[in-house]
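Take a look at the structure below.
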Amino acid sequence: MVPLTIHQARWLVPVSEPILENGAVVVAGPRIVAVGPASRLRRHYQGKCIDHGDGAILPALVNAHVHLEFSALRGRIPRQAALGHWLSAAMAEFAQLSAAEIHHGVQEGLAELWRYGTILVGEVSNTGLSLPGLLNSGLGFHYFYECLGFDRLGSGPLEADFPIFASPEARARDNFSAAAHAPYSVSPALFGRIFDWNRRYRRRTTVHLAESRQEVEFLRQGNGFFQHLLQQRGRWPADYQPPQCSPVVYLDRLGGLGPQTLAVHAIWLDAADRELLARRLSWAVLCPRSNLFTGAGFPRLSELYRAGVRLALGTDSLASNDDLNMFNEIMTLQQQYPDFAPDKLLALATCQGALALGRGHDLGSLGPGKLAALLFIPVASDRHFWPDLLAAGAAGKISWVTAPGVES
């Protein structure tokens, strides 16, 4: 029989239920058995009891959008005033990296995710080099292999241009998807092939969407920064005709919106775009600090929430962020939206992210049957619980209570 352990603390933050003072979690092996008042659980369950003291036990965090393969670019690209400038610099710097440098950066990124209490990630890959590290990390993940090609106009199987999708591993893993980079870097034909592959294997889709004014301008007029970039790189189809609509409407016309779609950034939206995302049950994954770093803009959190758009949170990469600490994303949103309830902000980095990545059944909140991925954060004040909790998390005062391996 698996022995039980009772973990208790001054505060318990289940996320899916109200905060509980003097709460506890009963754990057997990798799973949670019960959650509730410590006094009651100690009466009903026999096992070792560990009192973690003044602070909060809460579920481990979810980073729904990260590029671990860009970790080696940390500190190499300065903050920019416009996304196009950052993108040009990032492409140039990434092209200079060796496979060994990318691999080393991935390992550093994985270590940082663990250090800051993250248990599940949505990794977007350009090379496949981050997959072995993730497989050995103990982290849960969904692997999005990103496809680019504005000049790829063929209609053949996706595997013809991206052989990784023909591999047994890609086809067998339900946490492996094809990803589209963005409307300015993926042709309509390639979008269709990506969507077809994901539908065939019942996989999620992710795409950078409505990230910049330049993207909106490009789709409406077919010119501007992205036209020049594609021409410089020899990727510009001479007969291109812009769809003359917003990025959200464009993706919907291509059949790309739905409950399995993660629209990352989602900054430059109007009310109709937000209503459409909500109606299609698509996810908007916000990366606020990265948006400030790249000069892209800032997500309109309150409007998205009021429209009923399903929301999750990510850091994006260390090429456009200072660290991979999800609490710093929460704090940045709170500074911009001080009236937004802090428990709802935490939900974006826990249960909402887990749902977006298809792991809501076992991660993102505390409840019987869920994986016992538990964090502890010290909190000294009763009167200022939320400010103290978020500040301590942002300062990295995070320790693991239990951390089961959750990759599969």
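The values are calculated or read from the model by the stated rules, or taken from the named source; none is laboratory data. Since we're looking at a predicted model, the values are computed, not measured. Every residue, glycine among them, receives a Cβ derived from its backbone with ideal geometry; neighbour counts consider all protein chains shown.
For residue 400, the conditions (1) within 26 Å of residue 106 (Cα to Cα); (2) crowded, with 24+ Cβ neighbours inside 10 Å are fulfilled apart from (2). All of 40, 79 fail the test of being basic (Lys, Arg) and either without any contact (Cβ under 8 Å) to a residue 24 or more places away in the chain or on the phi > 0 side of the Ramachandran plot (or both), apart from 40. Filtering 319, 347, 284, 296 for residues that are part of a helix (DSSP H, G or I), in contact (Cβ under 8 Å) with a residue 12 or more places away in the chain and crowded, with 17+ Cβ neighbours inside 10 Å leaves a single hit, 347. Taken over the range 28-56, the criterion of being among the hydrophobic types (A, V, I, L, M, F, W, C) and out of contact with any Pro (no Cβ under 9 Å at 6 or more places or on another chain) is satisfied by 38, 41, 49, 50. Contact annotation: residue pairs with Cβ atoms under 9 Å, 6 or more positions apart or on different chains, pairing a residue in the range 197-217 that is under 22 Å from residue 316 (Cβ atoms) with a partner that is in a strand (DSSP E or B) and of a type in the set (Asp, Glu), are 206/146. Residues that are assigned by TED's automatic domain parsing to the domain that holds residue 14, at positive phi, surrounded by fewer than 19 Cβ atoms within 10 Å (Cβ to Cβ) and not polar (S, T, N, Q): does the range 383-397 have at least one? Checked the range 383-397: at least one residue is assigned by TED's automatic domain parsing to the domain that holds residue 14, at positive phi, surrounded by fewer than 19 Cβ atoms within 10 Å (Cβ to Cβ) and not polar (S, T, N, Q).
For the residues 350, 315, the requirement of being within 19 Å of residue 19 (Cα to Cα), among the β-branched types (Val, Ile, Thr) and in contact with a strand residue (DSSP E or B) (Cβ under 6 Å, 6 or more places away or on another chain) singles out 350. Checked against (1) crowded, with 23+ Cβ neighbours inside 10 Å; (2) assigned to a helix (DSSP H, G or I); (3) touching a strand residue (DSSP E or B) at 6+ places or on another chain (Cβ under 9 Å), residue 278 passes all but condition (1). Can residue 304 be described as in contact (Cβ under 8 Å) with a residue 40 or more places away in the chain, surrounded by fewer than 22 Cβ atoms within 10 Å (Cβ to Cβ) and assigned to a helix (DSSP H, G or I)? So residue 304 does not fit the description; no.
Considered as a group, the residues in the range 94-106 that are in contact with a helix residue (DSSP H, G or I) (Cβ under 6 Å, 6 or more places away or on another chain) and assigned to a helix (DSSP H, G or I) include one that is surrounded by the fewest Cβ atoms within 10 Å (Cβ to Cβ), and that residue is 101. Being buried (at least 16 other Cβ atoms within 10 Å of the Cβ) and either of a type in the set (Gly, Ala, Ser) or in a helix (DSSP H, G or I) (or both) is the filter here; which residues of the range 109-122 pass it? Listed by number, the residues that qualify are 109, 110, 112, 113, 114, 117, 122.
Candidates 64, 56, 9: the one that is buried (at least 21 other Cβ atoms within 10 Å of the Cβ), of a type in the set (Gly, Ala, Ser), assigned to a strand (DSSP E or B) and over 28 Å from the mean Cα position of the chain (by Cα) is 9. Residue 143 falls short on exactly one of the conditions (1) among the aromatic types (Phe, Trp, Tyr); (2) out of contact with any Ser or Thr (no Cβ under 8 Å at 6 or more places or on another chain); (3) closer than 27 Å to residue 185 by Cβ, and that condition is (2).
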